[in-house]
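Enquirer: Here's a structure for you.
The values are calculated or read from the model by the stated rules, or taken from the named source; none is laboratory data. Keep in mind that what you see is a predicted model, and the values were worked out from it rather than measured. Backbone-built Cβ (ideal geometry, glycine too); neighbour counts: all protein chains shown. Each accessible area value is taken on the protein alone, full model and side chains, heavy atoms only, with ligands, DNA and RNA left out. Shrake-Rupley method; radii C 1.70, N 1.55, O 1.52, S 1.80 Å.
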Amino acid sequence: MSDTPGTSRRPRRPGKPYRRPKKDPVRVLAFDALRAVDERDAYANLVLPPLLRKAREQEGPEQFDARDAALATELVYGTLRWQGTYDAVLSACVDRPLREVDPPVLDVLSLGAHQLLGTRIPTHAAVSATVELARVVLGDGRAKFVNAVLRKVAQDDLDGWIARVAPPYDEDPEEHLAVVHSHPRWVVSALWDSLGGGREGVERLLAADNERPEVTLVARPGRATTEELLAEEAAVPGRWSPYAVRLTEGGEPGAVEAVREGRAGVQDEGSQLVALALAAAPVEGGDRLWLDGCAGPGGKAALLGALAAERGAALLASEKQPHRAGLVARALAGNPGPYQVVTADGTRPAWRPGTFDRVLVDVPCTGLGALRRRPEARWRRRPEDLDGFAPLQRELLRMALQSVRVGGVVGYATCSPHLAETRAVVADVLKQMPDADLVDARPLLPGVPDLGDGPDVQLWPHLHGTDAMYLALIRRTP
């Protein structure tokens, strides 16, 4: 319509004309993933793959390529890993407690903080892209708030902000490390205790928790070989397990034929070592029947089943949750030897006492040993969770010891280095069972250094490049 005399028009508002916000599929995807983690207690490693597939389908491979997927993944995982540090920074830039900021707004601010403080994205681009995201997902009003806060964040780099918001180490060492390395204070304290003290060790561990882990594959014996997996691009041998292969450039496991066919799987090397140590432990007498008493989701069961098959032994894989039992069955499908998967509660065994020659119980736990892979777990867990797991862990170990015959061996494993979930559990159960003795597990992990004083074994991300898996081997005695 032309501006001619006599034409009726509403007066224009002063300032720039309204511009529709431009949707950035990478940052919208990252925001959606963070909201799922916050609202549904989802895990990023489960949320991201379907979101990435959906983005590729909607945008097309030219508009959403491998670099976009890599950036979205980094934004999600980086924001989750460094949430504690970014919260400390944002608290200094917001004029009210962060708990009073709407969670979706805080997610956008955290994404912006990570781009400013944790990536090489230029400052102007980080601010403008995040404000544009805020306009899309929050609206113009709250986008102005995001813009104001991020401009304050952009006034310093990460080191500068840490110097401002972290208490000096000499005044409060645990809180200092909590802010610097983005872990809850209680987790810092627990890890420090598990390591036995010393600043250097705990700093290296906390730093390792914030590194992106490599994808590690396992070649299941009798079904795949490491040579086959090493033919993949950027694949190198594992450090300790003879069945491990690492994808050094973040390769996609689903693109590996042996993984698609179930002949190989994704399995941390620490998890592989636990199964290998139990399989290598000497037993007295026959060696015909093995039990995985907490088998879900099936990685250790698949490796144990293949190792058992090589010796003519059978594996019984037991899992309490039906859907996880289904995952175990899928992992074991095609195993070269006899096996059976049952849905059963390990605290109320469906088998007679003394049935098995070898038993593994990888018990439910806080998961503090896998914070590299599940960074959101550090913010989700609470100290009181330990009290909830403790009775179950003890009962599972006690029943496992009753399930193994005299001369057989039980492996107690947990993906947590917290002493309340490791040595305390073993010590308490052994006090009640005088007919059981610890076996030195260290010789059963040949070539693996820094295994401590024994007889149990604690693996560490900063020492071994694995999850912080714990293993105690216990033999039933007459």
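Enquirer: On average over all directions, what projected area in square nanometres does the stretch 29-141 have, based on the convex hull of its Cα atoms? Walk me through the numbers before you get to the answer.
Expert: Details: hull surface 29.5 nm².
Spelled out: convex hull of the Cα atoms, projected over all directions, averaged, 7.4 nm².
Enquirer: Same structure again: What 222 nm value per residue comes from the helices of the chain, counting each DSSP H run with n ≥ 4 as -39,500 (n - 2.57) and dividing by all residues, nearest 500 deg cm²/dmol? Before the final figure, lay out the partial values.
Expert: Values: 20 runs with 223 residues, N = 478.
Dividing the helical sum by the residues of the chain leaves -14000 deg cm²/dmol.
Enquirer: Okay, next question. Which loop GluC sites (Glu not before Pro) in the stretch 55-108, with loop taken from DSSP, have no more than 11 other Cβ atoms within 10 angstrom of their Cβ? Provide the component values of the computation, followed by the final result.
Expert: Working: sites: Glu57, Glu59, Glu62, Glu74, Glu100; in loops: Glu62.
For GluC sites (Glu not before Pro) across the stretch 55-108 that sit outside H, G, I, E and B with at most 11 neighbouring Cβ atoms in 10 Å, the list reads Glu62.
Enquirer: Less than 9 Å Cβ to Cβ from Val274, Lys/Arg counted +1 and Asp/Glu -1: what total charge do the surrounding residues give? The partial results should precede the final answer.
Expert: Values: positive: Lys300; negative: Asp362.
Once all neighbours under 9 Å are counted, the net charge is 0.
Enquirer: When N is the residue count of the stretch 172-325, what does its C-alpha Rg come to as a fraction of 2.2 N^0.38 Å? Mind showing how you got there, number by number?
Expert: Details: Rg = 18.8 Å, N = 154, 2.2 N^0.38 = 14.9 Å.
Working it through for the stretch 172-325, the quotient is 1.26.
Enquirer: Taking every pair of alpha-carbon atoms in the stretch 130-252, give the share separated by more than 25 Å as a whole percent. Walk me through the numbers on the way to the answer.
Expert: Values: 4312 of 7503 pairs.
So the pairs more than 25 Å apart make up 57 percent of the total in the stretch 130-252.
Enquirer: Between beta-carbons, use under 11 Å as the cut-off and find the net charge around Glu284, counting Lys and Arg +1, Asp and Glu -1.
Expert: Its environment carries a net charge of +1.
Enquirer: Using a Förster radius of 60 Å, what is the FRET efficiency between Ala125 and Thr355 based on their Cβ-Cβ separation? Nearest 0.05, please.
Expert: Working: r = 63 Å, r/R0 = 1.05.
So, using R0 = 60 Å, E works out to roughly 0.45.
Enquirer: Once ligands and nucleic acids are excluded and a 1.4 Å probe is used, how much of His176 is accessible, expressed in Å² to the nearest 10?
Expert: About 30 Å², rounded to the nearest 10.
Enquirer: Still on this structure, I have one more. Taking the Cα centroid of the stretch 405-441 and of the stretch 102-148, what is the distance between the two, rounded to the nearest whole Å?
Expert: 49 Å
Enquirer: Under 5 Å between amide H atoms, partner at least 5 residues away or on a different chain: which partners does Gly251 have, H built in plane at 1.01 Å?
Expert: Amide H to amide H, under 5 Å and 5 or more residues apart or across chains, Gly251 pairs with Val215.
Enquirer: Using only the alpha carbons of the stretch 306-384, determine the length spanned along each of the three principal axes and report them from longest to shortest in whole angstroms.
Expert: Cα spread of the stretch 306-384 along its principal axes, largest to smallest: 44, 27, 22 Å.
Enquirer: State the dimensionless ratio Rg/Rh of the chain (Rg: radius of gyration of Cα atoms; Rh: Kirkwood radius).
Expert: On the way: Rg = 25.9 Å, Rh = 24.6 Å.
Value, to two decimals: 1.05.
Enquirer: Name the GluC sites (Glu not before Pro) in the stretch 145-218 that are in a loop by DSSP and that have at most 11 other C-beta atoms within 10 Å, would you? Provide the component values of the computation, followed by the final result.
Expert: Values: sites: Glu171, Glu174, Glu175, Glu200, Glu203, Glu211, Glu214; in loops: Glu171, Glu211, Glu214.
Those satisfying the criteria are Glu171.
Enquirer: Select from the stretch 312-386 those GluC sites (Glu not before Pro) which occupy a DSSP coil region and have at most 12 other Cβ atoms within 10 Å, ordered by residue number.
Expert: On the way: sites: Glu319, Glu376, Glu384; in loops: Glu376, Glu384.
Here the sparse-neighbourhood loop sites are Glu384.
Enquirer: Still on this structure: Can you divide the C-alpha Rg of the stretch 340-478 by 2.2 N^0.38 Å and report the result to two decimal places?
Expert: Working: Rg = 15.2 Å, N = 139, 2.2 N^0.38 = 14.3 Å.
It is 1.06.
Enquirer: Let me ask another. So what's the net charge close to Val37: Lys and Arg +1, Asp and Glu -1, counting the other residues with Cβ under 11 Å from its Cβ? Write down the numbers at each step before the final one.
Expert: Numbers: positive: Arg35, Arg40, Arg374, Arg380; negative: Asp32, Asp38, Glu39, Asp41, Asp107, Glu376.
It works out to a net charge of -2.
Enquirer: Same structure, new question: According to the Kirkwood expression over distinct Cα-Cα pairs, how big is the hydrodynamic radius of the stretch 397-472, in Å? Each step should come with its number before you reach the end.
Expert: On the way: mean 1/r = 0.0760 Å⁻¹.
Evaluated on the stretch 397-472, it is 13.2 Å.
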